[in-house]
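What follows is a single structure, written as C-alpha cells, with notes after it.
The values are calculated or read from the model by the stated rules, or taken from the named source; none is laboratory data. Not measured: the values here are computed from a predicted model. Positions of Cβ are generated from backbone atoms using ideal geometry, with glycine treated the same way; all protein chains shown enter the neighbour counts. Each accessible area value is taken on the protein alone, full model and side chains, heavy atoms only, with ligands, DNA and RNA left out. Shrake-Rupley method; radii C 1.70, N 1.55, O 1.52, S 1.80 Å.
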Amino acid sequence: MSKLLVTGGAGFIGSNFVHHVIAHSDHDVVVLDKLTYAGDRATLEGLPEDRVQLVVGDIADPEAVDPLVAETDAVVHFAAESHNDNSLSDPSPFVQTNLIGTFTLLEAARRHGTRFHHISTDEVYGDLELDDPAKFTPETPYNPSSPYSSTKAGSDLLVRAWVRSFGLEATISNCSNNYGPRQHVEKFIPRQITNVIDGVRPRLYGAGENVRDWIHADDHSSAVLRILERGRIGETYLIGADGERNNLEVVQAILRLMGQEADAFDHVKDRAGHDLRYAIDATKLREELGWEPAYTDFEAGLAATIEWYREHESWWRPQKAAAEAKYAAAGH
Ligand code: NAD
Ligand code: DAU
C-alpha cells in the first residue's frame, strides 16, 4: 500500500489521520473533501505538498470518485455529515452523504478492486443504561437512535454487504467520542472552551448525566492505521480508550482548567432522543492488533486541547457565530 484516498480529510478526524499518516508511515495521501461547513483546507496546512494532495469534490459524485479510486491503493473513508443536532434539524444531507456517498465509494472500490476502510461510530449500537456494567462489543446488535447514527449504521451495513456479496476487501471501525485540536466548534468540548474564551457560560443539555467515552483523535488515527495495515478483511474493530465521563464532569473539568467557578454553566433544553451512555470494549483491537492508546490522562489531553483553541482563534473564530446561531434557533 502506498497511496491512500482519504475522504473527509479536511475535517476534524480525517485531517488528524492525514497528519498521523505523514508523520508515522510512508504512505502518500490524496484527500477528497467537499469542504462543507465542517471542512477547512487550513487543517492540512504544514503538510508536505509532494505527499498530500487535496481534491475538492463530493463523495456522492461518481465522476469525481471513480478516477481517484482507480489510482489509489486504499480508500480510508471518513467523510460524513457528523453532528447529531444538525441531523435533527435537517436529516437530508445525512442520507445523501452518509448513505449515497458511501454507496458511491463502495461501487468504485468494487470496480477497481480497491482495499477499503470504513470509519464509523459507536452510536450505531444505540445507548446503554447509566448503571449497566456492559460495554459495546462487535457483537452488540445495531440499534441507532438519531438520523445521524441511523445513516452511519446503514453505511456500515452497505460495507458488510459489499464484503459478503462482492468480495470487497474491507474493514470497519466504530469509535467513541473524539476530542483534540481542529474539532468544529459545534461539538460539545470545543463549544464550551470557545464559549468560556468569549465570556459565555457553557451549555449543558438536560441534567448533564449523559456519559460519553472520550478518546483523543490521535489515538483514533493510530488505531485506524493499524487496522488498515494489519486488520483482517471483513472484520469490525471497536476503538475506544476507556474514557467514560458524564457531561457535567467534562464541563466542570473545562471550567477548572480555564480558571472559572465550578457552577459557572447553564442547563439548557435537552437533545431529542438523547442517547444516555456510550462505552467501548476495545479488547479485540488491543489483543488481536496490539494497539494501545497514547493519551491515557484525559485531563492532560483536555488541557492541551484548551491551549490549542486559545492559540488558534483565527482557525475557529469564522465558525463560531454560525454554529451559535443554529443552537439559538434550536433552543440550545
Ligand atoms: P467533521 O464533520 O469534522 O468532518 C467531516 C468532513 O467530511 C468535512 O471535512 C466535510 O467537508 C467532509 N464531507 C462532508 N460531506 C462530504 C461529501 N459529500 N463529500 C466529501 N466530503 C464531505 O467530522 P469528524 O468528526 O471528523 O468525523 C469524521 C468521521 O468519523 C465520520 O465518518 C464520523 O461519523 C466518524 N466518527 C466521528 C467521531 C467523533 O467523535 N467526531 C467518533 C466516531 C466516528
Ligand atoms: O460517539 C461518537 C459520536 O460522538 C460521533 O459519531 C459523532 O460524530 C460525534 O459528534 C459525537 O456525537 P455526540 O452527539 O456524542 O457529540 P456532541 O459533541 O454533539 O455531544 C456530546 C455530549 O454533550 C452529548 O451528550 C450532548 C452533550 N452536549 C452537546 C453540546 C453541543 C451538551 O451538553 N451541550 C452542548 O452544547
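Here are the numbers for the structure shown:
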{"item": "Which numbered condition residue 104 misses (of (1) touching a Pro at 6+ places or on another chain (Cβ under 8 Å); (2) within 16 Å of ligand 2 (Cβ to nearest atom))", "result": "(2)"}
{"item": "Verdict on residue 145 being of a type in the set (Ser, Thr, Tyr), more than 8 Å from ligand 2 (Cβ to nearest atom) and touching a Gly at 6+ places or on another chain (Cβ under 7 Å)", "result": "yes"}
{"item": "Subset of the stretch 111-133 [in a helix (DSSP H, G or I) and more than 23 Å from residue 17 (Cβ to Cβ)]", "result": "111"}
{"item": "Enumeration of residues in the stretch 71-89 that are near ligand 1 (Cβ under 9 Å from one of its atoms) and assigned to a loop (DSSP other than H, G, I, E, B)", "result": "78, 79, 80, 81, 82, 83"}
{"item": "Failed criterion for residue 87 (all others in (1) open to solvent by 40 Å² or more (accessible area, probe 1.4 Å); (2) within 14 Å of ligand 2 (Cβ to nearest atom); (3) farther than 20 Å from residue 173 by Cβ hold)", "result": "(1)"}
{"item": "Any pair with Cβ under 8 angstrom, 6 or more apart, that starts in the stretch 135-148 at a residue that is under 10 Å from residue 87 (Cβ atoms) and ends at one that is of a type in the set (S, T, N, Q) and part of a loop (DSSP other than H, G, I, E, B)", "result": "148/82"}
{"item": "Conditions (1) of a type in the set (Gly, Ala, Ser); (2) within 16 Å of ligand 2 (Cβ to nearest atom); (3) open to solvent by less than 60 Å² (accessible area, probe 1.4 Å); (4) at pLDDT 95 or above; number of the one not met by residue 331", "result": "(4)"}
{"item": "The stretch 134-151: number of residues that are under 15 Å from residue 275 (Cα atoms) and assigned to a helix (DSSP H, G or I)", "result": "4"}
{"item": "Residue ranges of strands (runs of 3 or more DSSP E) in the stretch 227-332 with at least 3 members within 30 Å of residue 41 (Cα to Cα) and either under 22 Å from the mean Cα position of the chain (by Cα) or of a type in the set (Val, Ile, Thr) (or both)", "result": "236-239"}
{"item": "Within the stretch 57-84, tally of residues that are of a type in the set (D, E, K, R), more than 23 Å from residue 127 (Cβ to Cβ) and within 16 Å of ligand 2 (Cβ to nearest atom)", "result": "0"}
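Residues checked against (1) at pLDDT 95 or above; (2) under 21 Å from residue 316 (Cα atoms); (3) surrounded by 14 or more Cβ atoms within 10 Å (Cβ to Cβ):
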{"position": "44", "(1), (2), (3)": "yes, yes, yes"}
{"position": "54", "(1), (2), (3)": "yes, yes, yes"}
{"position": "57", "(1), (2), (3)": "yes, no, yes"}
{"position": "61", "(1), (2), (3)": "yes, no, yes"}
{"position": "66", "(1), (2), (3)": "yes, no, yes"}
{"position": "71", "(1), (2), (3)": "yes, no, no"}
{"position": "91", "(1), (2), (3)": "yes, no, yes"}
{"position": "95", "(1), (2), (3)": "yes, no, yes"}
